[in-house]
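Undergrad: If you scroll down you'll find the structure; I have some questions about it.
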Amino acid sequence: MSRIVSMLFLVVLMSMISCSNDSDTYTPIEQDPFEDLNLPNELFNYANIPLPAHYTNNAFDPQSPFQGAAVDFDNTPANNLITNEGATLGRVLFYDKKLSANGTKACASCHKQEFGFSDPDVLSEGFDGGRTRRHSMGLTNARFYYTGKFFWDERAGTLEEQVLMPFQDEVEMGLTLQQLEEIVGSQSYYPPLFEAAFGNRTISSERIAKALAQFIRSMVSTTSKYDIARSEVQAPTDNFPGFTQQENQGKALFYLPITTTSGDRMNCAGCHVSEAFVGPIPNGPFGTTTSVTNGLDAVSTDDLGINETTNNPGDIGKFKAPSLRNIAIRPPYMHDGRFATLQEVVEFYNSGIQKHMNLRPPLLGSDNNPIRLNLTQNQKEALVAFMETLTDYEMLSDEKYSDPFKN
């Protein structure tokens, strides 16, 4: 029998063994419903992942009002807290290729663990060979995105809404929610998993969404080189003993203000906040989004970004920014995958920002032109070296985030 937790085994065993009232013979035990799965004897810990102090406390200088502790940005709703049972179900759903129109694609097909739950292809391939409109966004630290909105254009108001949309997408997985529920209900391994997660075997799209959201929110990076070195100091701007000179130089360039050619001062950390390195948060009232236009293009043409969700002209050219955790191992970059390397991304912010109609400070200088950092080659290489310290190799190979299917 495949490994499975005692509770799930008992649920299955009680439903499968029957005895005759007038005979000493027993009906043979039916086929193990978990024979296609590698699940642990004891559930993996998803619900209580230890968070380091730099996730739970804000150690930035008070003069950085845009900063905060990662936990302050947690978008987990009160009615869908992570449980080990729920995330275990979510893991199976995430990797199950049966949940597409022709049984060839799963959520994990476009969000691969070894690539930071993103896709090395510029555009991901759907169930029938079609290509997605935008590049696959990394899922690491999705739990800490301030507004809780998802997709590059933030069209999903919550993660629970987002996880059901790819199933229904005509390119990605090609199902209706009714078809999804029917396929899930026809697999022998799901009823006991739903019972463990929710108390009974009722299968619904709402429960599918909750379980998937729990699994994705558990994808928190805490064991990168950055985290290990950070534990040795009091503040993120301190010199890290565990870093090379180049990595510390890059960290300083990331966190501390850089004087631009216009005389303005800006830093990378203003748009990649907290030590979870997530998208910007409001320093005061905000409108439909906290995302910004980063000046990728002077004019937005075929992709208007968040404006396609809000119809607000001020949102043209704005796209959600995922966490920088595991950024070095998930090229290409940007919503359209236009940059193949981190070096290209750094050079863009150094010298390539365009004067888009919605470009705003700090990317727009006081001279009303896009900022130019004029970094040296050594400084650019140092920034890349720092971002490479955000790669969490332990997470990228952790069994609890891996494919549970044997074949």
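The values are calculated or read from the model by the stated rules, or taken from the named source; none is laboratory data. Everything quoted here is computed from the prediction, not taken from an experiment. In this analysis, Cβ positions are derived from the backbone assuming ideal geometry, glycine residues included, and neighbour counts consider all displayed protein chains. Remember, those area values only see protein heavy atoms, side chains included, never the ligands or the DNA or RNA. Shrake-Rupley method; radii C 1.70, N 1.55, O 1.52, S 1.80 Å.
Undergrad: In region 135-151, what residues are open to solvent by 30 Å² or more (accessible area, probe 1.4 Å) and either aliphatic (A, V, I, L, M) or in a loop (DSSP other than H, G, I, E, B) (or both)?
TA: First pass over region 135-151, keeping only residues open to solvent by 30 Å² or more (accessible area, probe 1.4 Å): 143, 146-147, 149, 151.
Listed by number, the residues that qualify are TYR146, THR147, LYS149, PHE151.
Undergrad: Collect the residues in region 107-131 that are touching a residue at least 60 places away in the same chain (Cβ under 8 Å), small (Gly, Ala, Ser) and closer than 22 Å to ALA209 by Cβ, keeping them in residue-number order.
TA: ALA108, SER118
Undergrad: Could you check, for region 122-131, whether at least one of its residues is among the acidic types (Asp, Glu) and either over 29 Å from SER397 (Cβ atoms) or not in a helix (DSSP H, G or I) (or both)? First the steps, then the outcome.
TA: Restricting attention to region 122-131, the residues satisfying the condition of being among the acidic types (Asp, Glu) are 125, 128.
Subsequent filtering for residues that are either over 29 Å from SER397 (Cβ atoms) or not in a helix (DSSP H, G or I) (or both) retains 125, 128.
Within region 122-131, one or more residues are among the acidic types (Asp, Glu) and either over 29 Å from SER397 (Cβ atoms) or not in a helix (DSSP H, G or I) (or both).
Undergrad: Take the residues of region 201-227 that are of a type in the set (Ser, Thr, Tyr) and without any contact (Cβ under 8 Å) to a residue 40 or more places away in the chain: which is farthest from PRO191 (Cα to Cα)?
TA: First, pick out the residues of region 201-227 that are of a type in the set (Ser, Thr, Tyr): 202, 204-205, 218, 221-224, 226.
Applying the additional criterion that residues be without any contact (Cβ under 8 Å) to a residue 40 or more places away in the chain yields 202, 204.
Details: THR202: 7, SER204: 11 Å.
My answer is SER204.
Undergrad: Taking region 159-209 on its own, how many of its residues are in a helix (DSSP H, G or I) and basic (Lys, Arg)? Write out each step before concluding.
TA: Going residue by residue through region 159-209, those that are in a helix (DSSP H, G or I) are 159-162, 165-168, 177-185, 190-198, 205-209.
Filter again for basic (Lys, Arg), leaving 207.
The number of residues fulfilling the criteria is 1.
Undergrad: Could you tell me whether any residue of region 130-153 is of a type in the set (Phe, Trp, Tyr), at pLDDT below 95 and more than 25 Å from GLU181 (Cβ to Cβ)? Full working, then the answer.
TA: Narrowing region 130-153 to residues of a type in the set (Phe, Trp, Tyr): 144-146, 150-152.
Of the ones still in play, those that are also at pLDDT below 95 are 145-146.
So of that shortlist, the ones also more than 25 Å from GLU181 (Cβ to Cβ) come out as 145-146.
Yes, some residue in region 130-153 is of a type in the set (Phe, Trp, Tyr), at pLDDT below 95 and more than 25 Å from GLU181 (Cβ to Cβ).
Undergrad: Follow-up. Given the conditions (1) at pLDDT below 95; (2) of a type outside the set (Val, Ile, Thr); (3) surrounded by fewer than 23 Cβ atoms within 10 Å (Cβ to Cβ), report the number of the one that ASP74 does not fulfil.
TA: With respect to (1) at pLDDT below 95; (2) of a type outside the set (Val, Ile, Thr); (3) surrounded by fewer than 23 Cβ atoms within 10 Å (Cβ to Cβ), ASP74 is out only on (1).
Undergrad: Give VAL384, VAL346 a once-over and let me know the one that is touching an Asp or Glu at 6+ places or on another chain (Cβ under 9 Å) and within 23 Å of GLN246 (Cα to Cα).
TA: Working: VAL384 fails: touching an Asp or Glu at 6+ places or on another chain (Cβ under 9 Å).
Of the residues listed, the single one that is touching an Asp or Glu at 6+ places or on another chain (Cβ under 9 Å) and within 23 Å of GLN246 (Cα to Cα) is VAL346.
Undergrad: Give region 294-338 a look and list any residue that's aromatic (Phe, Trp, Tyr) and either open to solvent by 30 Å² or more (accessible area, probe 1.4 Å) or farther than 23 Å from LYS225 by Cβ (or both), or say none. Let's see the steps before the verdict.
TA: Step one: list which residues in region 294-338 are aromatic (Phe, Trp, Tyr), which gives 319, 333.
PHE319 - this is the single residue of region 294-338 that is aromatic (Phe, Trp, Tyr) and either open to solvent by 30 Å² or more (accessible area, probe 1.4 Å) or farther than 23 Å from LYS225 by Cβ (or both).
Undergrad: Determine if region 62-70 includes at least one residue that is in contact with a Lys or Arg (Cβ under 8 Å, 6 or more places away or on another chain) and not in a loop (DSSP other than H, G, I, E, B).
TA: So in region 62-70, the residues in contact with a Lys or Arg (Cβ under 8 Å, 6 or more places away or on another chain) come out as none.
No, region 62-70 has no match at all.
Undergrad: Would you tally the residues in region 313-338 being assigned to a loop (DSSP other than H, G, I, E, B) and either at pLDDT below 95 or touching a strand residue (DSSP E or B) at 6+ places or on another chain (Cβ under 9 Å) (or both)? Before the answer, list the steps.
TA: Keep residues of region 313-338 that are assigned to a loop (DSSP other than H, G, I, E, B), which gives 316-317, 319-326, 330-332, 334-338.
If we keep only those that are either at pLDDT below 95 or touching a strand residue (DSSP E or B) at 6+ places or on another chain (Cβ under 9 Å) (or both) as well, we get 316-317, 319-326, 330-332, 335.
Qualifying residue count, region 313-338: 14.
Undergrad: Hey, can you tell me all the residues within region 77-118 that are outside any helix (DSSP H, G or I), of a type in the set (Gly, Ala, Ser) and either closer than 20 Å to VAL184 by Cβ or open to solvent by 10 Å² or more (accessible area, probe 1.4 Å) (or both)? Give the derivation first.
TA: If we filter region 77-118 for residues that are outside any helix (DSSP H, G or I), which is where we start, we get 77-83, 96-106, 111-112, 116-118.
Checking the rest, the ones that are also of a type in the set (Gly, Ala, Ser) come to 78, 100-101, 103, 106, 116, 118.
Correct list: ALA78, SER100, ALA101, GLY103, ALA106.
Undergrad: Scan region 350-369 and report the pairs whose first residue is exposed (fewer than 14 other Cβ atoms within 10 Å of the Cβ) and modelled with pLDDT under 95 and whose second residue is of a type in the set (A, V, I, L, M, F, W, C) and in a loop (DSSP other than H, G, I, E, B), with Cβ atoms within less than 7 Å and a gap of 6+ or a chain change.
TA: From residues that are exposed (fewer than 14 other Cβ atoms within 10 Å of the Cβ) and modelled with pLDDT under 95, the pairs are ARG360/VAL292.
Undergrad: Please enumerate the residues belonging to region 36-71 that are modelled with pLDDT under 95, open to solvent by less than 40 Å² (accessible area, probe 1.4 Å) and of a type in the set (Phe, Trp, Tyr).
TA: Matches in region 36-71: PHE60 only.
Undergrad: Quick test of your reading of the structure: GLN179 fulfils all but one of (1) surrounded by fewer than 17 Cβ atoms within 10 Å (Cβ to Cβ); (2) touching a helix residue (DSSP H, G or I) at 6+ places or on another chain (Cβ under 6 Å); (3) more than 30 Å from PHE66 (Cβ to Cβ). Name the failing condition by number.
TA: The single condition GLN179 does not satisfy is (2).
Undergrad: Could I ask something else about it? For region 370-390, does any single residue satisfy the condition of being open to solvent by less than 10 Å² (accessible area, probe 1.4 Å), closer than 30 Å to ASN38 by Cα, modelled with pLDDT of 95 or more and among the hydroxyl-bearing types (Ser, Thr, Tyr)?
TA: no
Undergrad: State yes or no: is THR289 within 20 Å of GLN162 (Cα to Cα) and polar (S, T, N, Q)?
TA: On the way: within 20 Å of GLN162 (Cα to Cα): yes; polar (S, T, N, Q): yes.
Yes; evaluated as a whole, the condition is true for this residue.
Undergrad: Report, by residue number, each residue of region 227-262 that is over 23 Å from GLU347 (Cα atoms), open to solvent by less than 20 Å² (accessible area, probe 1.4 Å) and in a helix (DSSP H, G or I).
TA: ASP227, ALA229, ARG230
Conditions (1) in contact (Cβ under 8 Å) with a residue 12 or more places away in the chain; (2) more than 18 Å from VAL384 (Cβ to Cβ); (3) touching a strand residue (DSSP E or B) at 6+ places or on another chain (Cβ under 8 Å), marked per residue:
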| site | (1), (2), (3) |
| --- | --- |
| GLU247 | yes, no, no |
| GLY250 | yes, no, no |
| PHE254 | yes, no, no |
| GLY263 | yes, yes, no |
| MET266 | yes, yes, yes |
| SER300 | yes, yes, no |
| GLY305 | yes, yes, yes |
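Undergrad: Please go through region 192-221 and give me each residue that is under 16 Å from the mean Cα position of the chain (by Cα) and open to solvent by 30 Å² or more (accessible area, probe 1.4 Å), ordered by number. First the steps, then the outcome.
TA: Looking only at region 192-221, we keep the residues that are under 16 Å from the mean Cα position of the chain (by Cα), and these are 209-221.
Hit for region 192-221 is LYS210, nothing else.
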